[in-house]
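First up is the structure itself, then whatever we jot down about it.
The values are calculated or read from the model by the stated rules, or taken from the named source; none is laboratory data. This one's a predicted model, so the numbers in the text were calculated from it and none came from an experiment. Quick reminder, even Gly has a Cβ in these numbers, built from the backbone with ideal geometry, and neighbours come from all protein chains shown. Ligands, DNA and RNA are stripped out before the accessible areas are found, and what is left, the full protein with its side chains, is counted by its heavy atoms. Shrake-Rupley method; radii C 1.70, N 1.55, O 1.52, S 1.80 Å.
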Amino acid sequence: MAGYKIKEVVARQVYDSRAVPTVEVEVSLECGAVGRSIVPSGASTGAYEALELRDKDGHFGGKGVNRALSNIRKVLAPAIIGMDATDQTGIDSKLIALDGSPSKSNLGANAILGVSMAVAYSSANAAKQPLFRYLGGANAKTIPVPMIQIIGGGAHAVGSIDIQDFLVVPMSAENFASGFKMVVDVYNGTKQVFAKAGKPLSTADEGGFWPTGFKSNEEGLQLVCDGIEKAGYLPGKDVAIALDIASSEFYNKDSERYSFHLEQRDFSREEFVDLLAGWVERYPIISIEDGCSELDWEGSVLLTKRLGRKIQIIGDDLFTTNIARIKEGVEKGACNAVLIKPNQIGTVTETLDCIEYTKSVGYLPVVSARSGETEDSIIVHLAIATNAGQLKVGSVARSERNAKWNETLRMEELLGKSGVYPSSGIFKMIK
Ligand code: PGA
Ligand code: ZN
C-alpha cells in the first residue's frame, strides 16, 4: 500500500521494570508513521519458550541485549526495509526464516518480536487506527476480564512463599472500569489486612504484596479472602481467586515430586492434585495456572480430570504459546485454557494464530504480561483484537502494570456501546 513501505528500523537497549536491559525497536514508514515496541521478559521462564538472546558478558549479570540489537541492525532490518508494513504475516514469516531455528535461538526471539511488534504498531499508526482495530478488524470488541495479582511469591519474591501468584478476578462487574475498581478496593483491603496482621508491606516483582512472615502457602488464600471481605465484597460471588502455582519452579523431575520449601512439605503428583482440589473446595477459586509442572503431563491431565469442569485450568509453562504443545494438551486432555505470552513464541502472527487455535479447540485464551515489563501495552490490543476475553497483568500498583490497565480503560471508553464485557460469563464457556 502506498506510503506503508518500511523506510527505517532503529533498535536500542532500554530497561524493564526489574532494571534489566531489553530491546526497543522503532519502525518508520515512507508516509512518516512510526511504530515503537519494547520486549518484556519472564523470570519463571518455561523450558519450551522461544529463546531470549542475552549477551552473557560482564555487564548487567550477562543480561545485556547487544547481540540481539546487532542481529536487528545487521540481519532483520536490511531484510524488511522496503517491505509493505501491512503484510504482517509476510514480514513475520521472513523474520522466522532468517532465524531458521525452531526456538529462534540464532537471532533471538527478543530481536524478532521487537521488530514484529513495531511493524504492527507502525501500520496501525499509519492507518490512524487503534492497534486492536487494525489487527482485529470490525469485530474486535471484547474488553478483557482482568486477572490481577494481590500477592506475589515464587520466583518474583525469592525466599517467601512457593506459589507465584495469588490473583483475583471480578465476577459481578458490568464493565471493565467497575471490575477494575473492585480489584483496587481488594488491593487496598488486603493492605489493611496485612497491616493488622503485623506483616511488613513490600511489593513483589509484579506489584502485588510480598509475603513475609507466612507459615504456609494456604495462608495466602485466607488473606486474599479477608481482603475481599474487608473491601466490602463477597468472596466468590463478587470477586473470585485465581492462582498461578508456577509449579515447574518447585518440581523435582527425578523424584517426580512437588516441594513447598516454606512448609518443608513434599508431595507426589496425586497428593499435590489432592491439595489443590481441597483448596478449590474450601476457597472461592475460579482459575488455576500451571498447577502441575511443564514436565508432568500426567499431573496436568489428572488435575484437569478433577477440576476442569468446574474451574479454569490454564497451561502457561506447559504450553508456552505454542500450537504444537497445545495440540498435545488437547489430545491428552490437559487444561482448558492457555496463557498467551507473545515473547514465548516470538512474533505477532504466531501469537494471533495461537489465540485462534486455542479458541478453535474450545480452550480459553488468557493474554498475559511477563514479570519483567515496560510501558508497552500491546497485550491489551492483542486481547481486544482477538476477542480473547481475559487479560492477566500483575497487580494494580507500579506503572508498568497500570500502563496496561489504563490502556484497557481508554479502549473501553473508545469502544463505548460497541464494546462487550463478558464478566463472569467468560467462565461459562469452560467445558
Ligand atoms: P514470568 O511470570 O513472566 O516470570 O514467567 C508470569 C507467569 O508465570 O505467568
Ligand atoms: Zn504463569
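Within the group Gly236, Gly232, which residue is touching a residue at least 60 places away in the same chain (Cβ under 8 Å) and either under 25 Å from Leu275 (Cα atoms) or more than 16 Å from ligand 2 (Cβ to nearest atom) (or both)?
After ruling out the rest, the residue left standing is Gly236.
Out of (1) farther than 29 Å from Ser216 by Cβ; (2) in a loop (DSSP other than H, G, I, E, B), what's the single condition that is false for Asp162?
Among (1) farther than 29 Å from Ser216 by Cβ; (2) in a loop (DSSP other than H, G, I, E, B), the lone unmet condition for Asp162 is (1).
Here is a list: Ala140, Ala155, Ala109, Ala118. Which entry is within 28 Å of Ser395 (Cα to Cα), open to solvent by 10 Å² or more (accessible area, probe 1.4 Å), among the hydrophobic types (A, V, I, L, M, F, W, C) and in contact (Cβ under 8 Å) with a residue 60 or more places away in the chain?
Result: Ala155 is the single residue among Ala140, Ala155, Ala109, Ala118 that is within 28 Å of Ser395 (Cα to Cα), open to solvent by 10 Å² or more (accessible area, probe 1.4 Å), among the hydrophobic types (A, V, I, L, M, F, W, C) and in contact (Cβ under 8 Å) with a residue 60 or more places away in the chain.
Answer with yes or no whether Ile161 is within 16 Å of ligand 2 (Cβ to nearest atom), among the β-branched types (Val, Ile, Thr) and touching a strand residue (DSSP E or B) at 6+ places or on another chain (Cβ under 6 Å). Give the steps one after another, and end with the answer.
Numbers: within 16 Å of ligand 2 (Cβ to nearest atom): yes; among the β-branched types (Val, Ile, Thr): yes; touching a strand residue (DSSP E or B) at 6+ places or on another chain (Cβ under 6 Å): no.
Taking the combined requirement at face value, the residue does not satisfy it.
Go through the range 382-400 and count every residue that is of a type outside the set (A, V, I, L, M, F, W, C), open to solvent by less than 10 Å² (accessible area, probe 1.4 Å) and more than 18 Å from Phe427 (Cα to Cα).
So the count comes out to 2.
Hey, can you tell me all the residues within the range 239-261 that are away from ligand 2 (no atom under 16 Å from the Cβ), open to solvent by less than 40 Å² (accessible area, probe 1.4 Å) and either farther than 21 Å from Phe427 by Cβ or assigned to a helix (DSSP H, G or I) (or both)?
Ser259, Phe260
If you go through the range 301-323, how many residues are within 16 Å of ligand 1 (Cβ to nearest atom) and either over 17 Å from Ala242 (Cα atoms) or aromatic (Phe, Trp, Tyr) (or both)?
The number of residues fulfilling the criteria is 5.
For the range 221-257, which positions are out of contact with any Asp or Glu (no Cβ under 6 Å at 6 or more places or on another chain) and within 16 Å of ligand 1 (Cβ to nearest atom)?
Ile241, Ala242, Leu243, Glu249, Tyr251
For the range 344-420, which fully contained helices (runs of 4 or more DSSP H) count at least 1 residues that are more than 16 Å from ligand 1 (Cβ to nearest atom) and closer than 18 Å to Arg18 by Cβ?
Details: elements: 348-360, 378-385, 399-415.
Per the criteria, 399-415.
(1) out of contact with any Pro (no Cβ under 7 Å at 6 or more places or on another chain); (2) buried (at least 21 other Cβ atoms within 10 Å of the Cβ); (3) under 20 Å from Glu289 (Cβ atoms): which one isn't true of Val183, the others all being true?
So Val183 meets the others, but not (1).
Name every residue in the range 401-426 that is closer than 30 Å to Lys305 by Cβ and open to solvent by less than 20 Å² (accessible area, probe 1.4 Å), in order of residue number.
Ser423, Ile426
With the condition kept exactly as written, say whether any residue in the range 98-105 is out of contact with any Asp or Glu (no Cβ under 8 Å at 6 or more places or on another chain) and within 16 Å of ligand 2 (Cβ to nearest atom). Steps first, please.
Start the filter on the range 98-105 by keeping residues that are out of contact with any Asp or Glu (no Cβ under 8 Å at 6 or more places or on another chain), which leaves 98-102, 104.
Filter once more, so that each one left must be within 16 Å of ligand 2 (Cβ to nearest atom): none.
No.
Could you list, in sequence order, all residues of the range 202-240 that are more than 25 Å from the chain's Cα centre (by Cα) and among the hydrophobic types (A, V, I, L, M, F, W, C)?
Phe214, Ala231, Leu234
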